[in-house]
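Asker: The following block contains the structure, expressed as structure tokens.
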Amino acid sequence: MLMKYSVMGLFGAARIAGAELRKVPVSQHMRCLHTGCVRLAVDKALLMKLRKSTGYTFVNCKAALEKFNNDITQAENWLNEQAQKEGWSKASKLEGRKAKEGLIGVLTQDTSAVMVEVNCETDFVAKNEKFQQLVKDVALSTMEHLNTKAAGKAGYMKSTLQAEDLASLNVSGGSSLADQLALFIGRLGENMSVTRAVCVRVPTGWKIGSYVHGGSAQGMTEVAMGKYGALVVFQSAEGSDTLGRKLAQHVVGEAPEALGNMDDLPCGQSETRLLPQALMWDASLTVAEFLRQQNAKVLDFARFQCGEASK
């Protein structure tokens with residue numbers, strides 16, 4: 001009987017404990033089950049906000065918020081640190097994979113302009129706004145480098161930066177472009193490269209025309225992005241922005257390899273010099289003849305096609 005009473009007492013106690021437990025909110029049950037009653041349940045609004053701002057998976061965002069008790073700033077910093085570490089690891093693993101897709105970015109400011117190429121493996125990633133943010137970061141960092149280099153100097157300046165030169169440039173916040181690239185590789189999971197850049201600074205009286213073709217950037221107005229890009233350095237009595245754009249558009253479409261001279265005669269459809277080429281929008285004129293009509297002169301140009309540098 002003593003044993004029976006004891007067992008019944010245990011069942012009774014269990015029923016009382018169960019009743020008390022049912023009074024505890026479900027969210028607290030979840031906190032106890034998953035975090036030992038130490039961490040708070042993840043706030044859904046914060047989870048959506050973190051997911052949108054970082055682009056990381058829901059699973060990773062949830063883990064970060066749990067780790068830092070819904071402190072979204074600490075969670076985002078931690079996610080970026082993890083992505084950067086993972087990015088370096090992924091970068092070494094993905095290094096041999098071809099990255100021929102991506103975007104050309106063009107940024108112009110008064111008498112300065114830069115054109116950059118950033119590559120990835122697929123066009124799907126190239127359309128991702130996070131990748132486009134990387135292209136913008138590269139263009140802004142390259143422009144800052146140009147302005148620093150050109151400070152206090154006069155005359156025409158043109159320089160080309162390769163991958164190793166770009167890797168050491170700084171982005172906002174003080175990290176290098178190499179670190180920023182690793183961060184985005186960790187985020188997007190593809191091989192990427194900051195491939196090349198050209199920088200141009202012109203003296204007073206000279207102008208820079210630009211054109212980008214074959215793409216659009218989501219919400220990016222400062223840096224134009226596409227699959228092809230061109231910069232044209234020119235002089236014009238009228239100073240028309242439209243003229244500079246049309247000349248750069250011709251460079252993108254006809255892909256000249258050299259400038260040539262104003263008096264050069266065209267050598268047929270395979271002409272690779274800019275000035276003797278037939279004008280893209282009026283084949284009855286050469287570029288040189290059109291420039292004479294406009295009282296203008298082309299002094300230099302640069303053209304990028306996405307992926308051509310990795311062929």
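Asker: Return the pair list, or none, for Cβ contacts closer than 8 Å from residues in region 250-274 that are outside the structural domain of Gly214 (by TED's automatic domain parsing) to residues that are at pLDDT below 90 and surrounded by 15 or more Cβ atoms within 10 Å (Cβ to Cβ), at least 6 apart or on different chains.
Answerer: Pairs that qualify, where the first residue is outside the structural domain of Gly214 (by TED's automatic domain parsing) and the partner is at pLDDT below 90 and surrounded by 15 or more Cβ atoms within 10 Å (Cβ to Cβ): there are none.
Asker: Are there any pairs, at least 6 apart or on different chains, whose C-beta atoms fall under 8 Å, with the first in region 292-308 and assigned by TED's automatic domain parsing to the domain that holds Val118 and among the aliphatic types (A, V, I, L, M) and the second in a helix (DSSP H, G or I) and surrounded by 17 or more Cβ atoms within 10 Å (Cβ to Cβ), and if so, which?
Answerer: Qualifying pairs under 8 Å: Ala296/Leu243; Val298/Leu247; Val298/Val287; Val298/Leu291.
Asker: While we're here: Just checking, does region 158-179 include any residue being farther than 30 Å from Leu243 by Cα, outside the structural domain of Met115 (by TED's automatic domain parsing), touching a residue at least 40 places away in the same chain (Cβ under 8 Å) and within 12 Å of the chain's Cα centre (by Cα)?
Answerer: Yes: region 158-179 contains one or more residues that are farther than 30 Å from Leu243 by Cα, outside the structural domain of Met115 (by TED's automatic domain parsing), touching a residue at least 40 places away in the same chain (Cβ under 8 Å) and within 12 Å of the chain's Cα centre (by Cα).
Conditions (1) within 18 Å of Arg201 (Cα to Cα); (2) at pLDDT 95 or above, marked per residue:
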{"residue": "Glu121", "(1), (2)": "no, no"}
{"residue": "Ala150", "(1), (2)": "yes, no"}
{"residue": "Tyr156", "(1), (2)": "yes, yes"}
{"residue": "Ser172", "(1), (2)": "no, no"}
{"residue": "Asp179", "(1), (2)": "no, no"}
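Asker: So, in region 180-207, exactly how many residues are without any contact (Cβ under 8 Å) to a residue 60 or more places away in the chain and touching a helix residue (DSSP H, G or I) at 6+ places or on another chain (Cβ under 7 Å)?
Answerer: Number satisfying all stated conditions: 2.
Asker: While we're on this one: Anything in region 248-266 that is buried (at least 19 other Cβ atoms within 10 Å of the Cβ) and closer than 19 Å to Gly105 by Cα? List them, or say none.
Answerer: Scanning region 248-266 gives Ala248, Gln249, His250, Val251, Val252.
Asker: If Asp137 satisfies every condition in (1) among the charged types (D, E, K, R); (2) at pLDDT 90 or above; (3) closer than 23 Å to Arg245 by Cβ but one, which is the exception?
Answerer: Checking Asp137 against (1) among the charged types (D, E, K, R); (2) at pLDDT 90 or above; (3) closer than 23 Å to Arg245 by Cβ, the one that fails is (3).
Asker: Pairs, please: C-beta under 9 Å, at least 6 apart or cross-chain, first residue at positive phi and in region 53-67, second not in a helix (DSSP H, G or I)?
Answerer: Gly55/Asn128
Asker: If we keep just the residues of region 115-134 that are closer than 15 Å to Leu183 by Cα and of a type in the set (A, V, I, L, M, F, W, C), which is nearest to the chain's Cα centre (by Cα)?
Answerer: Of everything passing the filter in region 115-134, Leu134 is nearest to the chain's Cα centre (by Cα).
Asker: Hey, any hits in region 239-247 for a residue that's buried (at least 19 other Cβ atoms within 10 Å of the Cβ), of a type outside the set (D, E, K, R) and under 20 Å from Ala139 (Cβ atoms)?
Answerer: Checked against the condition, which is being buried (at least 19 other Cβ atoms within 10 Å of the Cβ), of a type outside the set (D, E, K, R) and under 20 Å from Ala139 (Cβ atoms), region 239-247 yields at least one hit.
The values are calculated or read from the model by the stated rules, or taken from the named source; none is laboratory data. Just so it is clear, the model here is predicted, and its values are computed rather than measured. Cβ coordinates were reconstructed from backbone atoms using ideal geometry, including for glycine residues, and neighbour counts include every protein chain displayed.
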